Structures are given as C-alpha cells and as structure tokens.
Amino acid sequence: EKGGWSSFMAKEVAEEPEAVANTILGRVKDGQVVIPELDGMDELFAGVQRIIIVACGTASYAGQVGKYAIEQWARIPVDVELAHEFRYRDPIVGPETLVVSISQSGETMDTLMAVKEAARLGAKTLSICNTQGATIPRESDAIVYTHAGPEVAVASTKAFVAQITALYLLALHVGRIRGTVSPAEAARSIHELEALPEKIRWILENEQEHIEQLAHWMADTRSVLFLGRHVGFPIALEGALKLKELSYIHAEGFAAGELKHGPIALIEPGQPVFVMVPSPRGAATLHAKVVSNIEEIRARGARVIAIAEEGDVAVLPFADEVLRIPLAGPIFEPILAVVPLHIFAMGLANAKGLDVDQPRNLAKSVTVE
Ligand code: F6R
C-alpha cells in the first residue's frame, strides 16, 4: 500500500500536487469555474447573506484560508467556527445562511452534529468532503468532493491542500454567479490555481532535502513558534498543530501582528520561529510589517526560519534559514507555504524515531464528541 515510501505520510505529502490537480479537474470550463455538483443552486448562492464554515482541527484552518477567498471573490461575509463550539452556543442561523462544513473523513462527530444543528435551524448546508458517501455529505444539501484520494496517515496533509483548493473553486463559482468577480480576474485566478501543482512539485524536488536536514538538526528542540499574517496566519496554526501532533513538542502559531501584544515575551536567545513571509507582490505594507516582525524577534535572539517567495531578498539579512517557495501571489501562497511545514513536522518526528503515521493518543477519524 505504501509503495516504496517509508510511511503513508511521506507518500501523501508527495501526492499533494495531484490532490490539488484532481480537485480542480472537471471544474474549469471556458476559463470559468463551473462546479457541476452545484447545478441548480444559483438562486441560493445569489441570495445567501452569510456563510459559516464549520470544521475541526486542520480542516478548520483550511476554512480560515477559504474565508479570504470567499470574501474577496464572492463578497459574502464568512465566519469560521470550530464545529464543537458552533453547536453549543445557540448560533444565529436562518434560511439566508449557508453552512459549509469541511471534513476529510466525513465522519467527524463534532462536525456532523454542527451540520445537523444548522439544518435544524433552517440553514442550507454544503459539505466539502474527501470521502465519497460518508455521513456528513449524506446529511448535507450539497456536496463538493475534494479528490485527494484516500488519506491513511492520521495527520492530514494532502486533504488540507485539496480543501483549500475546493474553497477557492467555490469562491470563484459563487463570485461568477453573483457577478462579484470580473471574468478577467477569474481567468487570472484560475490560471494561478492550475499552476499550483507544478509549484508544489518544485518545493518537493528542490527544498525537501534541505527541510529534512533542518529537522534533523533540530531534533532536540523543545519548542517552536510559528508566525503568519493574513492567509499566512492559518498556515502558522497548521504548522504548529502538525508539529505538536507528530513530534510531541510544544508548538504554537500566532498572528504576526499579535507579537507585541504578548507573545514576544516568549522570545529568548535560540528560540526557533518559523515566519510565513507574505508575497512581496501583494500589499506592500503586509510584507514590510512581517519583515519588521522578523527584525524584532531576531534582535531578541530568535532563530528565524523564513518561508518566503523565491527572489524575496528583503528577508535575507535577518533570517537564519530561508525555505523558498515559488511565486504565487498573495491569495494562493498558503497552498505552497504549508508544504515545507508538513515536511518539517514529518522530518522532526522521523529524526526522533516516532511513528509519523500513527501518533500517540490520536485517531484518524474522531467519531465521538
Ligand atoms: C490534524 C488532523 C485533524 C483533522 C480533524 C478533522 O492533522 O488531521 O486535526 O483535521 O480531526 O478531521 P476531518 O477532516 O476528518 O473532519
């Protein structure tokens, strides 16, 4: 089953390019996104006033990335909620609300119960799911499957990039229906999206060894921090979750802008900090602000590992390590930036001799509340 791979996780990280490509397949027509599974829902998308995304763990981080794309292209306000929190707080939901659930397994009990609660309150429900015929899609009004293929390792990797891809497609599909994204911008975005699999492949071919080496050097590390801003923030959270679940060390993700509101107190000499550097081709202020965050933590002795676009020289004077990702532009960057973090978490667990496919205390699908 593992083929020649040392673990399912190694195989599944290597399959990230196909997970993205297969999720796009059949959903682009004449330069526009058209999702055949959502035929007949145009009226609903035209009228919906609010979207609530419900999910757990890694899937919720995909949702947080998706929020940016949906708000940008479809201009619908989006809230992202942990499914277990949504269900127990008497949410204000009605027929004008679309509740989008995200689940690799389609069996996560917390997410299923949130979907049922949303339906009971009169909302329409849409499931983004990787497992054909699972319970959550069966309980939903509409389904958009991710086509990442079966994911066996407990830690979600290729399903995560496929979930973000599906959310981008959904955002462009709904934006077309609502007329909130111009055909030119949609075409440009689809072009970027379709280029992602090749760019992920570039990371696997050119950076994987470097990242594994780094993980090896860091095998004794006790704590790692992750900083990101905008779409890089949920990626920082994902990097921290992967590291704690696979290598059992303390890891925490922060919004880079929060540093001075507390977390900078954690910085002491030698503290490793991964920083997601926003694309310099996006908002210049965002890029400059994160570079100045890097200067601030570096001045306090942090060991900075920057994840930055190829050609971004601004980070060089302050970073101890730079992990390169190809140019993709601001919205698309997360699908690339997460790949080094998946490789790093796996590499560190391997360096510690741990079982990367089956971390302690965890189950692949959490079918209890
Ligand atoms: C982390 C991880 C979990 C799952 C979460 C939701 O690597 O795998 O956080 O993302 O348990 O699972 P699904 O997507 O099956 O609902």
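The values are calculated or read from the model by the stated rules, or taken from the named source; none is laboratory data. Given the structure is predicted, the values throughout are model-derived calculations rather than measurements. Because the Cβ atoms are built from the backbone with ideal geometry, glycine has one as well, and the counts that use them run over all protein chains shown. All accessible areas refer to the heavy atoms of the entire protein, side chains included, with ligands and DNA or RNA removed. Shrake-Rupley method; radii C 1.70, N 1.55, O 1.52, S 1.80 Å.
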If you average the C-alpha positions of region 94-160 and of region 163-226 separately, how far apart do those two centres end up, in angstrom?
21 Å
In the Gaussian network model of the chain, springs joining C-alpha atoms below 10 Å, which of 238, 198, 37 carries the largest mean-square fluctuation?
37
Once you have a ≥ b ≥ c as the square roots of the Cα gyration tensor eigenvalues for region 39-107, tell me rounded if a/c is under 1.5, and otherwise prolate or oblate according to whether a/b is larger than b/c.
prolate
Helix-only [θ]222 nm of the chain, DSSP H runs n ≥ 4, -39500 (n - 2.57) each, per residue, nearest 500:
-14000 deg cm²/dmol
Ranked by accessible surface with a 1.4 Å probe, highest first, in what order do 124, 199 come?
124, 199
Angle between the chain longest axis and helix 208-217 axis [Cα atoms, degrees, rounded to 10]
50 degrees
Report, to the nearest 10°, how far helix 158-178 tilts away from the longest principal axis of the Cα atoms in the chain, using its own Cα long axis and a range of 0 to 90°.
50 degrees
Residue-count net charge about residue 320 - beta-carbon cut-off 9 Å; Lys, Arg +1, Asp, Glu -1
+1
Of 158, 352, 29, the one that fluctuates the most in a GNM where the chain has Cα springs shorter than 10 Å
29
Residue 88: accessible area at probe 1.4 Å, nearest 10 Å²?
150 Å²
With a ≥ b ≥ c the root eigenvalues of the C-alpha gyration tensor of the chain, is it rounded (a/c under 1.5), prolate (a/b larger than b/c) or oblate?
prolate
Taking the Cα centre of the chain as origin, sum charge times position over the Cβ atoms of Lys and Arg (+1) and Asp and Glu (-1), and report the length of that vector in debye to the nearest 20.
480 debye
Would you work out the charge dipole size for region 306-366 about its Cα centre, treating the Cβ of every Lys and Arg as +1 and the Cβ of every Asp and Glu as -1, and quote it to the nearest 20 debye?
360 debye
With a ≥ b ≥ c the root eigenvalues of the C-alpha gyration tensor of region 30-168, is it rounded (a/c under 1.5), prolate (a/b larger than b/c) or oblate?
rounded
Could you list, in their original order, any pairs among 11/352; 199/364; 199/289 whose Cα atoms are separated by more than 24 Å?
199/364; 199/289
Measuring with a 1.4 Å probe in the full set of protein chains, what accessible area per residue, in whole Å², belongs to the chain?
40 Å²
Over the chain, with every protein chain in place, what whole percent of the accessible area is carbon and sulfur at 1.4 Å, could you tell me?
51 percent
Most to least accessible of 366, 65 (protein chains only, probe 1.4 Å):
366, 65
Quick one: check the C-alpha center-to-center distance for region 28-92 versus region 295-366, whole angstrom.
27 Å
Mind checking the angle between helix 57-73 and the chain's longest principal axis? C-alpha axes, 0 to 90 degrees, to the nearest 10.
70 degrees
Going from most exposed to least, what order do 56, 129 have by accessible area with a 1.4 Å probe?
56, 129
For the chain, give the share of DSSP beta bridges that are antiparallel, in percent and rounded to the nearest 5; count only bridges with both residues there.
5 percent
